[in-house]
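Each remark here refers to the structure printed beneath this line.
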Amino acid sequence: MRNLTRAVALTAILLAPGAALSAQRELPYTFQGTVRAVKAGALDLIIGVGEAVRVVHMRTQSATAVFGEGASIALGDLQPGDVVRADCRLTQAGLIADKIELKRRAP
Amino acid sequence: MNGARGWAAVALLISVAAGCERPLKPGDPLRGLNRAEQDRFARGKVVFDSTFTPEKGLGPLFNATGCGECHEEPAKGGSGDEVEVHATAFKGRVCDPLVEEGGFVIQQHTTPALKQALGIDSEPFPPSATARAMRTSPVVFARGLLDAVPESVILAYADPEDKNHDGIAGRPNRFTDGRVGRFGRKAFVPALDEFNAGAFSAEMGITNPAVRTEETIGGKPIPAGVDPVPEPEINQEELDLTDAFVRLLAPPTPLKLGRDGRRGRELFSDIGCAACHVPTLRTGDSPIAALRNKEFAAYTDLLLHDMGPDLADICLGLAKPSDFRTEPLLDLRDAKHFLHDGRAATLEQAIEGHGGEATGARDRFKGLPAADRAALVAFLKSL
């Protein structure tokens with residue numbers, strides 16, 4: 001619940017004006033959610049609390065570690081519907097994923 | 001009176017008292033609450049029964065002005081005559097809850113300020129949706145007991161590949177983060193506190209400490225000045241009290257069965273209804289003694305089952321359009337409409353509307369003599 005609360009709170013930060021964002025330090029955040037979309041350098045996760053569902057947008061870098069099924073995998077191996085855990089930090093440029101771990105494959 | 005006789009008299013008095021225990025009515029709290037829990041139940045009922053206004057945070061999109069507007073018959077925590085709209089997109093085998101278009105709950109009302117700003121009376125229906133679902137408001141009795149059923153109990157009833165060849169293939173749904181779900185018609189939501197917090201947002205547009213951002217308007221931000229109340233619009237105490245009220249609502253005591261009802265209860269098992277509508281579940285550990293290690297009449301396995309194409313509507317999580325969670329059979333005696341969208345006006349129609357994995361049980365019901373069908377319905381009306 002704490003992670004979910006933080007996740008939704010973060011969404012508020014992401015939706016807030018840039019001035020508020022620029023005041024943030026590089027705070028660590030962890031999300032566990034369902035992959036909505038995966039593109040080169042970007043990942044969208046669906047998170048939520050009950051019926052209140054939200055999307056978190058994060059960017060990836062070449063250093064972002066992606067793991068799944070016991071091995072290192074490529075970001076492009078992730079598919080919509082996969083459940084992942086993403087360790088991120090909030091920077092002035094937005095949310096950056098440092099580590100992404102596949103927890104459950106899409107059906 | 002000697003010692004042995006005295007103890008026997010005390011034992012007799014206790015057993016008579018237990019037998020004469022007042023039946024629990026719809027809206028009553030669980031038995032065995034301590035004073036603090038009774039107090040929280042009473043204070044939570046006040047929040048549950050509150051009417052929110054835009055000045056108190058309502059909207060700008062909403063389905064109801066308070067929990068009690070929809071969950072009100074025959075008592076607070078009961079059902080309602082409101083029917084809401086949900087929508088998702090089923091893309092291949094993956095379900096999209098349409099978050100970028102405002103989420104799967106399509107709110108049917110707007111505050112005056114939003115109407116003035118955008119000229120809309122409800123949230124726009126998402127263009128990417130592949131299906132629309134209508135949802136009645138169920139009773140929320142016994143939800144604390146359902147929340148306290150260990151996940152292992154739910155998973156023990158699962159048989160997704162129908163290995164026992166009984167035609168029933170129950171499987172758990174999972175939330176966005178992979179946890180096993182149990183609440184909602186599609187068993188999408190894993191925990192009661194999260195369901196309640198999410199409902200404040202999705203049903204009333206009330207932000208709270210667990211959901212600090214407003215719903216979008218079909219995916220677009222709320223116009224400036226439309227919702228001036230700062231987030232969160234209710235505090236943790238109000239959220240916790242509402243949760244306490246819902247969590248501590250008791251299942252109404254079933255009515256005493258007559259001969260027909262007893263016959264109907266046997267038939268309920270004999271024709272296969274109980275394969276999914278599991279009569280009793282047992283809770284596990286809980287910080288609340290009244291919820292701890294309790295066996296209760298649930299009539300659900302909290303799993304998804306394919307109910308056939310006639311009932312199919314939206315996907316949600318791992319639930320395909322035709323998958324529905326086995327509905328707990330609670331307070332049927334007061335129900336005025338049945339099934340997830342209220343399409344059935346009678347219990348007979350509801351049973352005959354079952355398909356998919358329930359086809360066998362439905363056909364056996366239809367094949368019963370009229371007196372036996374009436375007996376089974378009499379049993380259901382005792383719940």
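The values are calculated or read from the model by the stated rules, or taken from the named source; none is laboratory data. Just so you know, these numbers come straight off a predicted model, no measurement behind them. Positions of Cβ are generated from backbone atoms using ideal geometry, with glycine treated the same way; all protein chains shown enter the neighbour counts.
A few notes on this one:
- Across the stretch B:103-117, the qualifying residues are those that are in contact with an Asp or Glu (Cβ under 9 Å, 6 or more places away or on another chain) and surrounded by fewer than 23 Cβ atoms within 10 Å (Cβ to Cβ), and the one among them that is nearest to the other protein chains (Cβ to nearest Cβ) is B:Gln108.
- The stretch B:45-92, subset more than 23 Å from B:Thr111 (Cβ to Cβ) and among the basic types (Lys, Arg), residue surrounded by the most Cβ atoms within 10 Å (Cβ to Cβ): B:Lys45
- Residue among B:Glu266, B:Glu215, B:Glu231 that alone is part of a loop (DSSP other than H, G, I, E, B) and surrounded by fewer than 21 Cβ atoms within 10 Å (Cβ to Cβ): B:Glu231
- Qualifying residue in the stretch B:206-218 (condition: within 27 Å of B:Gly342 (Cβ to Cβ), within 22 Å of the chain's Cα centre (by Cα), within 12 Å of chain A (Cβ to nearest Cβ) and modelled with pLDDT of 95 or more): yes
- Checking every residue in the stretch B:58-73 against the condition of being farther than 22 Å from B:Pro232 by Cβ, of a type in the set (Gly, Ala, Ser), in a loop (DSSP other than H, G, I, E, B) and more than 14 Å from every other protein chain (Cβ to nearest Cβ) gives zero matches.
- For B:Ala156: the one exception among (1) hydrophobic (A, V, I, L, M, F, W, C); (2) surrounded by fewer than 22 Cβ atoms within 10 Å (Cβ to Cβ); (3) in a strand (DSSP E or B): (3)
- Test: B:Gly284 is in a loop (DSSP other than H, G, I, E, B), on the phi > 0 side of the Ramachandran plot, surrounded by fewer than 21 Cβ atoms within 10 Å (Cβ to Cβ) and not polar (S, T, N, Q): no
Residue-wise test of (1) at pLDDT below 95; (2) away from chain B (no Cβ under 14 Å); (3) touching a Cys at 6+ places or on another chain (Cβ under 9 Å).
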| site | (1), (2), (3) |
| --- | --- |
| A:Gly33 | no, no, no |
| A:Ser72 | no, yes, no |
| A:Leu78 | no, no, no |
| A:Arg85 | no, no, no |
| A:Lys99 | no, yes, yes |
| A:Ala106 | yes, no, no |
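- Of all residues in the stretch B:194-205, exactly one satisfies the criterion of being of a type in the set (D, E, K, R) and more than 7 Å from chain A (Cβ to nearest Cβ), namely B:Glu203.
- Test: residue in the stretch B:182-190 that is crowded, with 24+ Cβ neighbours inside 10 Å, aromatic (Phe, Trp, Tyr), within 9 Å of another protein chain (Cβ to nearest Cβ) and under 15 Å from A:Ile47 (Cα atoms): yes
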